[in-house]
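A.B. asks: Sharing a structure, written as structure tokens. Questions coming.
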Amino acid sequence: MAGEAAWQLVRQADQLFIADGKKIRILRPTSDNKEEIMQKMLGRTGNLRAPTLRRGNTFYIGYNDELYQEVTGS
């Protein structure tokens, strides 16, 4: 999913957990800067980074061991 289509998917989300290397950034599309969010959630090709998981109104974008341990509870 490319740029603006990806933004339309997440723009009303409560939170985005975005894996950024070993860090996890928590951003809120309704209040945080759109350009910063787009920069973090899109890969080099301009597409939504994988994996992307939606649980309710929260998105988990990119891969980080700690993040997915939290999501899966393992």
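A.B. asks: What is the mean projected area of the alpha carbon convex hull for the chain, to one decimal in square nanometres?
C.D. replies: With every direction weighted equally, the projected area is 4.5 nm².
A.B. asks: Considering only the chain, what is the antiparallel percent among its DSSP beta bridges, to the nearest 5?
C.D. replies: Of the beta bridges lying entirely in the chain, close to 75 percent run antiparallel.
A.B. asks: Still on this structure, I have one more. Helix-only mean residue ellipticity at 222 nm, the chain, DSSP H runs n ≥ 4 weighted -39,500 (n - 2.57), per residue, nearest 500. What is it?
C.D. replies: Value at 222 nm, helices only, nearest 500: -8500 deg cm²/dmol.
A.B. asks: Hey, can you grab everything whose amide H is under 5 Å from the amide H of Ile24? Only 5+ residues off in sequence or another chain; H modelled, so Pro and N-termini drop out.
C.D. replies: Excluding prolines and chain starts, which carry no amide H, there are no hits.
A.B. asks: To continue, here is another question. Using the Karplus equation 6.51 cos²θ - 1.76 cosθ + 1.60 (θ = phi - 60°), what ³J(HN,Hα) coupling, rounded to whole Hz, does each residue of segment 46-58 give in order, writing x for Gly and Pro?
C.D. replies: x, 9, 4, 5, 10, x, 10, 10, 10, 10, x, 10, 10
Since every read-out is calculated from the coordinates, none of them should be taken as a lab result. What you are looking at is a predicted structure, and each value in this text was computed from that prediction instead of being measured.
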